[in-house]
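Chemist: This is the structure I want to talk about, given as structure tokens.
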Amino acid sequence: MAEDGEEKLLATVQHIVKTLGRTDTMTEDILKVFSNYDGRLSLDKLYATRAAAAVAAVAAAGGAGAGEHSVPASPPMPPPPAVPPSVAVMPAVTSLERTVRTLDRQISQFVTMDRLIWADSADADAFLEAVDDLIGTVQELDAAGTNRGLLDRADELLSRCMARLEDEFRSLIERPDDVAPAAPGGFASDESEEEDYDADDGYGDEPIPIAKPVSDFDVVIDALPPGSVSDVHQIARRMVDAGFGRECAEAYAAARRGFIDESVARLGIRARTIDEVHSLPWEELEFDIARWIPAFKMVFRILIPSERRLCDRVFDGLAPYGDLAFVAAVRTQALQLISFGDAVSAASRAPERLFRVIDMYEAVRDLLPDLDPVFADPYSAALRAEVSAVCNTLGSSIKGIFMELENLIRRDPARVSVPGGGIHPITRYVMNYLRAACGSRQTLEEVMEGDLGAVGGAAIAVDPDRPTSSLAVHIAWIMDVLHKNLETKSKIYRDPPLASIFLMNNGKYIIHKVNDSELGVLLGDEWMKQMMSRVRRWSLEYQRGAWAKVMSVLQTGGPGIGSLPAKALLQKLRMFNGYLEEICAIQSEWVIADEQLREDVRAAITDSVKPAYMGLISRLKSSPEAAQDLFIKHSPEDVEARIQHLFEGVSK
């Protein structure tokens with residue numbers, strides 16, 4: 001009875017197929033629907049029953065034709081129903097058809113799973129084996145080119161396989177722990193360990209912990225365990241073999257991009273537009289630069305090379321899809337860091353920004369040679385060019401900042417004099433600035449030479465005895481601009497001797513700063529001799545201007561004919577006392593900042609004034625007429641003591 005029931009069921013199905021299956025494609029679809037509906041209606045049984053019915057129909061029709069002129073032994077049977085042409089010519093099922101059907105059943109079990117296939121290694125192996133068979137079948141059907149309908153059906157099945165493989169591929173990369181065996185006891189977090197958080201970085205409600213800076217960049221990040229790398233490589237190989245290499249590369253990039261984005265966020269970097277960078281206060285921009293430099297090193301020395309290593313392992317032997325995946329994964333964050341460097345280069349060129357820009361330039365320049373093996377393929381060569389370009393723009397910015405220093409000196413107004421002729425703030429600023437800049441002399445030489453196209457190669461050798469380098473010439477020009485500015489400022493002083501004191505102080509300060517740094521090497525001995533000569537000239541100008549009338553009063557002429565009378569000598573003494581009091585009252589507020597220079601000027605004054613004063617006193621004492629009215633207010637020692645208290649003003 002069971003067999004009769006199954007036969008009736010099959011006969012009913014065949015009748016439905018004959019009624020509705022107007023084309024081969026419709027017939028195939030109807031048979032597939034019934035096979036999925038009832039286990040007794042397998043495709044093999046349905047095709048076998050259909051083929052047997054077609055053969056029986058053809059045989060019955062042939063027998064009736066052969067016995068047309070013979071006498072029948074029994075009443076004739078009613079003619080069988082007309083067989084549709086599609087059934088009458090239905091060939092026997094081929095081996096490729098059976099293979100596709102079998103693979104359809106096997107693969108359908110996997111693609112409809114509501115869990116990861118790779119959670120069970122046996123399932124993963126079986127699925128990959130079915131995929132391999134399907135890829136081979138599709139290639140065989142495509143080469144034969146005789147059964148387009150079957151090829152389309154196999155291609156549709158292959159697309160379903162690739163979609164599921166892509167899901168598994170991304171899951172293995174994004175959540176490798178979901179398929180990896182759990183470690184005994186798990187990984188407990190140490191709650192006592194403190195982490196730095198930046199709650200205002202704008203990455204969402206949850207603060208992202210900021211990573212600690214590192215100094216050792218010889219590190220490789222293994223983002224996936226070895227087993228997961230092997231699994232995703234197997235998937236990638238199947239997708240490439242099936243012609244889905246680009247989709248695989250895009251899936252890899254999408255899966256890895258989240259990890260890279262979070263890694264950069266942990267470095268404290270936030271995306272800023274060029275306008276935002278240009279409008280930031282310098283204190284805030286300086287803070288961003290301080291974070292950018294170690295982040296740039298971390299990303300380009302550790303994160304990106306590690307990503308290249310992982311990509312090469314996943315896509316081993318599958319070029320160029322590994323290169324495409326690598327570039328797509330790292331490009332966004334790499335360009336974000338590069339664009340910040342470009343924005344800083346194009347921002348204000350105020351002199352105080354020089355040192356941070358030098359730090360940025362050196363960070364980029366030093367890693368350029370290490371990027372060659374990482375960005376060696378044609379797809380990532382553009383990123384290497386972008387890094388090189390930002391290095392050039394930072395170098396150009398450094399040159400521009402030096403030009404701005406010259407402009408700052410020229411624009412510094414000569415409005416208010418420095419009390420006591422002391423050192424002007426512009427002199428302190430420029431000399432300390434240049435002295436600090438020489439701490440990066442090698443970099444400045446490289447930039448000023450203008451050989452930015454060779455950045456990343458061998459460093460430019462600096463000749464310590466070459467005061468004609470581009471940097472030396474540039475600094476000498478800045479010093480000349482400063483000198484002219486100081487001479488202009490000296491004209492503010494109404495008292496010419498005080499103007500000389502002002503120039504002396506600033507000149508001596510410049511000499512001290514040059515001798516105390518590599519500025520001396522850059523400017524050379526000849527420049528130093530000229531500067532020292534200027535200071536001596538200013539000192540003589542001061543002595544002549546401030547003490548000329550004193551020295552004139554102390555001139556007594558020789559004894560004998562032409563000698564001055566006693567009354568005139570007494571008048572000179574009174575004038576000297578007045579001049580000395582006046583000079584000491586005024587010049588005690590003047591200042592000579594350099595101790596040695598102060599002592600030298602005092603000694604020069606003493607050597608001129610004291611002997612002449614002693615001569616005047618001697619002449620008066622030797623004159624009988626003057627002796628009776630002689631009153632010596634200051635002894636020669638008193639005069640020397642008064643001179644020794646000059647130039648100790650409040651501005652010291």
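Chemist: Name the residue from V100, C161, S121 whose Cα lies farthest towards the positive end of the charge dipole of segment 94-174, charges +1 on Cβ of Lys and Arg and -1 on Cβ of Asp and Glu.
Modeler: Result: V100, furthest along the dipole toward the positive end.
Chemist: For a quick check of your reading of the filter: which trypsin sites (Lys or Arg not before Pro) in segment 476-523 sit in a DSSP loop and have no more than 12 other Cβ atoms within 10 Å?
Modeler: Here the trypsin sites (Lys or Arg not before Pro) that fit, given the DSSP loop and packing criteria, are K491, R494.
Chemist: As an exercise, use a Förster radius of 41 Å and the Cβ-Cβ distance of L408 and Q336 to find the FRET efficiency, rounded to the nearest 0.05.
Modeler: After rounding, the FRET efficiency stands at 0.80.
Chemist: Something else: What fraction of the Cα pairs in segment 94-174, stated in percent, has a spacing above 21 angstrom?
Modeler: In whole percent, the long-distance tail amounts to 28.
Chemist: Which distance in nm do the two modelled labels at D120 and E7 give, with both placed 7 Å along the Cα-to-Cβ direction?
Modeler: 4.0
Chemist: Now a separate question. Can you tell me the FRET efficiency between I16 and N147 if r is taken as the Cβ-Cβ distance and R0 is 25 Å, rounded to the nearest 0.05?
Modeler: 0.50
Chemist: Can I ask one more? Can you pick out the pairs among K610/K633; K567/K633; K484/K508; K549/K610; K572/K610; K549/K621 whose Cα atoms lie more than 19 Å from each other?
Modeler: Too far apart for the 19 Å limit: K549/K621.
Chemist: What are the radius of gyration and Dmax of segment 401-448, computed over its Cα atoms and given in Å?
Modeler: My reading of the Cα-based Rg and Dmax gives 13.5, 42 Å.
Chemist: Could you work out the local net charge near G243, counting Lys and Arg as +1, Asp and Glu as -1, over the other residues with Cβ closer than 11 Å to its Cβ?
Modeler: Net charge around G243: -2.
Chemist: Give, in nm to one decimal, the length gained when the segment between S533 and C584 is fully stretched (0.36 nm per residue of separation minus the Cα-Cα distance).
Modeler: Gain on stretching S533 to C584: 15.6 nm.
Chemist: Using bins 5 angstrom wide from zero, how does P(r) for segment 228-408 break down, in % of all Cα pairs?
Modeler: 1, 8, 17, 18, 17, 12, 10, 7, 5, 3, 2, 1, 0, 0
Chemist: Would you mind getting the accessible area per residue of segment 94-174, heavy atoms of the protein chains only, 1.4 Å probe, in Å²?
Modeler: I get 48 Å² per residue for this part.
Chemist: Given R₀ = 35 Å, FRET efficiency for D167-R98 by Cβ-Cβ distance, to 0.05?
Modeler: With a Förster radius of 35 Å, E is 0.75.
Chemist: Once you keep just the Cα pairs under 8 angstrom separated by 6 or more residues, what percentage relative contact order results for segment 94-174?
Modeler: 35
Chemist: H233 to Q596: extension gain in nm, 0.36 nm per residue of separation minus the Cα-Cα distance?
Modeler: 123.0 nm
Chemist: With labels modelled as points extended 7 Å from the Cα through the Cβ direction, what inter-label distance (nm, one decimal) is found for S618 paired with K549?
Modeler: Rounded to a tenth, the inter-label distance reads 2.8 nm.
Chemist: Pull out the extension gain between K491 and A254, defined as 0.36 nm times the separation in residues minus the alpha carbon to alpha carbon distance; nm, one decimal.
Modeler: Length gained between K491 and A254: 78.4 nm.
Chemist: Right, another one. S608 versus S108, label points 7 Å from Cα toward the beta carbon: distance in nm?
Modeler: Distance between label points: 11.5 nm.
The values are calculated or read from the model by the stated rules, or taken from the named source; none is laboratory data. Quick caveat, the model's predicted, so the values are computed rather than measured. Reconstructed Cβ throughout: ideal geometry from the backbone, glycine too, with neighbour counts over all protein chains shown. Ligands, DNA and RNA are stripped out before the accessible areas are found, and what is left, the full protein with its side chains, is counted by its heavy atoms. Shrake-Rupley method; radii C 1.70, N 1.55, O 1.52, S 1.80 Å.
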